[in-house]
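Each value in this text was obtained by applying a stated rule to the coordinates, not by laboratory testing. Keep in mind it's a predicted model, so treat the numbers as computed, not measured. Cβ placement follows ideal geometry from the backbone for every residue including glycine, while neighbour counts extend to all protein chains displayed.
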Amino acid sequence: MVAPLKLGIAGLGTVGAEVVRLIETQARVLAGRSGRGIRVVAVTARSKAKKRGVDLRGVEWVKDPLALATHPEVDCFVELMGGAGDPALSAVEAALGSGKSVVTANKALLAKHGIKLAKAAEKHGGALNFEAAVGAAIPVIKTLREGLAGTGINRVYGILNGTCNYILTRMEQEGLSFAECLKDAQRLGYAEANPSFDVDGHDTAQKLAILASLAFGTKVAQSAVYVEGISSIAPEDLRAAADLGYRVKLLGVAVRTATGIEQRVHPTMVPKSSSIAQVMGVTNAVTIDGEGIPPITLVGPGAGGAATASAVVADIADVARGIRANPFGRPIAQLRDTRKAPMERHEGGYYIRLLARDLPGTAATIATRLAEQKISIESIVQRHPNGAAPSGGKAVPVPVILITYATHEDGVRRALAAVQRDKVITGRPQVIRIEKN
Ligand SMILES: NC(=O)c1ccc[n+]([C@@H]2O[C@H](COP(=O)([O-])OP(=O)(O)OC[C@H]3O[C@@H](n4cnc5c(N)ncnc54)[C@H](OP(=O)(O)O)[C@@H]3O)[C@@H](O)[C@H]2O)c1
């Protein structure tokens, strides 16, 4: 009979406690699927006294995560403490360095140190599995790494942060402001007290950097990701998007272009008919455009203890089965440096909302500035607030909404800077990129 796989679990919070519970409640199923038993033999967390709602009788408490990582009884170290630094980093390094396998849900650690850790796993022979780090229960890592191993990938994009999607969904459906929806998200536990990491797009950027590496065979490079958050999105943008047949989502997009790999996180207008536009609330989704096949969209819960534990335990089952994949899909020596495509060369359609002074010649000035940059306008709508008639010469600002045909980002920036210098608009122009499916 094969000996059970012995786990050391560091971190017994939202995810860690659920992992312990799942391993206990699914013991028979897991043993059947993995061909051997799986047992938690030792754990650590900050506080030994805290009630966790799981049965830890017979499980050794190890005070120091590093000692747990190299514990002689532990075959597989499960890191669920979080954070890109210590103790997670040194504990994972120590476990891999002693030939153990590691399972983690820690996107911050992987986005920053993924290549170094994958090298250590390769050198010492352990597995480094991190399915839960992107999209929690959605098996997107395995899909890119294994399911699509024979398919060239042109683009991968998705809704990777439930907090942002919840806020944008409520704003759209109820016409509420960003601030109101954020407050509700915090009250319901969907957003942290300090929401910046989520709403400013950094959480999505870490996950995107991991997906881009798997999709394009490049080294994880979080610093190559262009990032914009959702705090500037106003209810009028969502209304205008709806009128034009779009929804606004915070997308992470990694795409192969002529100038390199473009990795960007920003509010994005997507056609209402697209799969990704149907994804509402805290749900996550990832679409993969592979060569020669129609796009594949995976949808599911991207956070939460049970959803995340589901992926962590699947990774543990792979270790129990003796499966060891290259963490980023290929041997480290084959991963290329990321050739970052400059954002100025980004090509696509744009939604532009301007607050134009209601004076003769304003529209002509705006049109001229766009034409100077060879930007073609697909549609232009002037919205008099509440349907009011034009003000007859008085300088009352009027929202003007433009949709452009595909053009370059630097042209849009130059045109809007010129329009601002012309003083025909007030405030800052709102710009939202359009992603076609
Ligand atoms: N929650 C989710 O929905 C979700 C989804 C996907 C991925 N993840 C990832 O999963 C990981 C865990 O997240 P979580 O939500 O479970 O976090 P959490 O609820 O804050 O739990 C963290 C756990 O780590 C322990 N811990 C923290 N610092 C420690 C230290 N220095 N030494 C020992 N133990 C320490 C804590 O101990 P105490 O309990 O004693 O304080 C706690 O048990 C993170 O990498 C996160 O990004 C989470």
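Data overview
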read-out: R0 of 51 Å, Cβ-Cβ distance Ala371-Ala193: FRET efficiency to nearest 0.05; value: 0.60
read-out: Dimensions (Å) - the chain, Cα atoms, principal axes, largest first; value: 86, 45, 34
read-out: Cα Rg over Rh - the stretch 1-146, Kirkwood; value: 0.94
read-out: Out-of-range pairs (alpha-carbon distance over 18 Å; input Lys100/Lys142; Lys249/Lys436; Lys100/Lys123; Lys142/Lys249; Lys272/Lys374; Lys107/Lys219); value: Lys100/Lys142; Lys142/Lys249; Lys272/Lys374
read-out: Total charge dipole magnitude, the stretch 44-194, about the Cα centre, Cβ charges on Lys, Arg, Asp, Glu only, Debye to nearest 20; value: 180 debye
read-out: Least to most buried among Asp315, Asp75, Asp200 (fewest other Cβ within 10 Å first); value: Asp200, Asp75, Asp315
read-out: All-pairs Cα distance distribution in the stretch 343-434, expressed in whole percent, bin size 10 Å; value: 17, 52, 25, 5, 0
read-out: Rounded tilt (10° steps) of 202-216 against the dominant C-alpha axis of the chain; value: 70 degrees
read-out: Given charges at Cβ of Lys, Arg, Asp, Glu: the chain dipole, positive-most of Ala91, Ala136, Ala277; value: Ala91
read-out: DSSP-defined antiparallel bridges as percent of all bridges, the chain, nearest 5; value: 65 percent
read-out: Cα-centre dipole for the stretch 1-87 with unit charges at Cβ (Lys and Arg positive, Asp and Glu negative), debye to 20; value: 340 debye
read-out: P(r) tail fraction, the stretch 141-301 - alpha-carbon pairs more than 27 Å apart, %; value: 22 percent
read-out: Radius ratio Rg over Rh of the stretch 225-345, counting only Cα atoms, Kirkwood formula for Rh; value: 1.02
read-out: Size of charge dipole - the chain - debye, nearest 20, with Cβ of Lys, Arg +1 and Asp, Glu -1, no other charges; value: 400 debye
read-out: Phi to ³J(HN,Hα) by Karplus 6.51 cos²θ - 1.76 cosθ + 1.60 over the stretch 168-180, Hz, x for Gly, Pro; value: 5, 5, 5, 4, 5, 6, 10, x, 8, 7, 4, 5, 4
read-out: Other-chain or far-sequence residues with amide H under 5 Å of Leu5's (modelled H); value: Gly37, Ile38, Arg39
read-out: The stretch 126-160 and the stretch 196-236: distance between their alpha carbon centers, rounded to Å; value: 16 Å
read-out: The stretch 1-104: GluC sites (Glu not before Pro) in DSSP coil with no more than 14 other Cβ atoms inside 10 Å; value: Glu73
read-out: Highest-MSF residue in the chain out of Gly158, Gly322, Gly300 [GNM, Cα springs under 10 Å]; value: Gly322
read-out: Under-5 Å amide H pairs with Asn161, H placed in peptide plane, nonlocal only; value: none
read-out: R0 of 56 Å, Cβ-Cβ distance Gln382-Arg28: FRET efficiency to nearest 0.05; value: 0.25
